[in-house]
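Have a look at the structure below before the remarks.
A short reminder: the numbers here are calculations on the coordinates, not readings from a lab. These figures come from a predicted structure and were not determined experimentally. Because the Cβ atoms are built from the backbone with ideal geometry, glycine has one as well, and the counts that use them run over all protein chains shown.
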Amino acid sequence: MLRYASRDEKHLPAKFYNLKADLPELPPPPLHPLTRQPINPSDLEAIFPRSFIAQEVSLEREIPIPGKVLEAYSVFRPTPLIQASKLQAYLGTPAKIFYKFEGVSPTGSHKTNTALMQAYLASQAGVSTLSTETGAGQWGTALAYAGSLFGVKARVYMVRSSFRQKPGRRIMMELFGGEVTESPSPTTDSGLKYYQENPDHPGSLGIAISEAVEVAVKNPDIKYSLGSVLDTVLIHQSIIGLEAQSQCREIGFEPDLVIGCIGGGSNFAGLSFPFVRRNLKEKATTKYLAIEPEACPSLTGGELTYDSADSAGLTPWLYMHTLGKDFIPPAIHAGGLRYHGMAPLVSQLVKLGLVQAKAYAQDKIFQAAELFLKTEGILPAPESAHAIAAVIDEALQAKKSGQPASILFNLSGHGFLDISAYDRQK
């Protein structure tokens, strides 16, 4: 078996995959925030471009990738599929461990996949500005980059705790022409409430989403862009798993366990959903493990119910695992995994028993990241380190039992711009 799969463009798909086409049961539909009745797609036009909405409600199995987006992808895709052989040797495990490395994207994370598609759709609709939120900064950076390619400006509300912990992300967004504001801010009605209570409020993704949505609703030339949770975002991220399947076939690797970190659901879904299709349609027995922080355990500690995607209740209500829209997470360093809710499609797979979830403490996460750096030579983003911690546990379990295991995980981004978080762990 080869340690690396090739990065030949033959692995780059021409179409995204839409899991909804193969689900035996769809999640309950989004509800209008005022009437609490199933929302009409036209009601979303005040927030999103029509082409984005069309993909959000689509039940087609395959969604074509536009030529200009494929051209932008080809700069860094397909991303590498690599065997973690040095980690395997250190652990002394019979497990075979491979990872899909999304950190080679221009902004260092998987978020670039949907950012490029959303910026393209906005440009085709004549949208001048996309407003959005960002936690740890990967999503805001990706959208600012994508906007610079397609002539769309990014207005980013960045959760205050991350804004202050990770100045490198803010700098990158601004270098790409993005406008970055600490959230909660006094510039919106949604943010002013929290800002007046405490100018140093740590913020949350729920609050930042409210600010970004409010700006879009009040300005007809601005539309809102979301980096996770929504079905469309998970469709775009399926490019990760589609590539991985092609690369796995090339090197003769068949995973029996797929692992990813999870906050809103985009990188876990991106890798896993194309593999889940085989469970649904081909009776595959692959297992799926979603790893979240103990500080924000929406899957392992939340309730499966309808809840607002933002703190102010401006967005449609989604049926998802949630800690409640008013949940304010602690200012942990894994800022990208601090969302109160979970993607409805991921929540549905947990409900159906296809996905299992575990929560990990932050100290174990950083220990896993340090070990990965020392063995594989890559500093992972703190978010991705959650997946690595679970991979280590599963590999050691294989060692203890003497049973082989084939593990695939998503290294969804590098941690070079998160270096201050690692420094604070000393």
Q: Report Rg (one decimal) and Dmax (nearest whole number) for region 226-273, counting Cα atoms only, units Å.
A: 11.4, 36
(Q) Please list, by residue number, every one of the GluC sites (Glu not before Pro) in region 21-79 that is coil in DSSP and has at most 12 other beta-carbon atoms within 10 Å. (A) E25
(Q) Taking amide H atoms as placed 1.01 Å from N in the peptide plane, list the residues 5 or more away in sequence, or in a different chain, whose amide H sits under 5 Å from that of A309. (A) T315, L318
Q. Long-range amide H contacts for S131: which residues qualify at under 5 Å (H placed 1.01 Å from N, peptide plane, sequence gap of 5 or more or a different chain)?
A. R155, K223, Y224, S225
Q | Globularity ratio of region 183-250, using Cα Rg and 2.2 N^0.38 Å | A | 1.62
(Q) Between E254 and E25, what is 0.36 nm times their sequence separation minus the Cα-Cα distance? Round to one decimal in nm. (A) 79.7 nm
Q.
Ranking request for peptides 206-214, 357-365, 85-93: highest mean number of other beta-carbon atoms within 10 Å first, then the rest in descending order.
A. 206-214, 357-365, 85-93
**Q.** ³J(HN,Hα), Karplus 6.51/-1.76/1.60, whole Hz, each residue of region 311-328, x for Gly, Pro
**A.** 5, 8, x, 7, 8, x, 7, 10, 8, 7, 6, 8, 9, x, 5, 8, 5, 10
Q: When a/c is below 1.5 the answer is rounded, else prolate if a/b is larger than b/c, else oblate, so apply that to region 334-426 with a ≥ b ≥ c taken from the square roots of the Cα gyration tensor eigenvalues.
A: oblate
Q. Of the listed peptides 223-236, 145-158, what is their order by residue-averaged count of other C-beta atoms within 10 Å, with the highest listed first?
A. 223-236, 145-158
(Q) Under 10 °C and 1.306 mPa s, how fast does the chain diffuse according to Stokes-Einstein, given a Kirkwood radius computed over C-alpha pairs? Answer in µm²/s, whole number. (A) 75 µm²/s
Q. Where a ≥ b ≥ c are the square roots of the eigenvalues of the C-alpha gyration tensor, would you call region 211-333 rounded, which needs a/c under 1.5, or, failing that, prolate if a/b is larger than b/c, or oblate?
A. prolate
Q. Counting only complete DSSP H runs, which helices of the chain cover 27 Å or more along their long axis at the Cα atoms and score a mean Kyte-Doolittle of -0.5 or above?
A. 231-251, 382-401
Q) Taking Cα centroids, how far is region 348-382 from region 259-282 in Å? A) 15 Å
Q | Residue of N279, N198, N113 that the Gaussian network model of the chain assigns the largest fluctuation, springs spanning Cα pairs under 10 Å | A | N198
**Q.** Alpha-carbon centroid distance for the pair region 1-50 / region 284-323, whole angstrom
**A.** 16 Å
Q: Under a 10 Å cutoff between Cα atoms, tell me which one of T315, T285, T129 has the largest fluctuation in the Gaussian network model of the chain.
A: T285
Q) Order of 178-189, 377-388 by packing, highest average Cβ count within 10 Å first? A) 377-388, 178-189
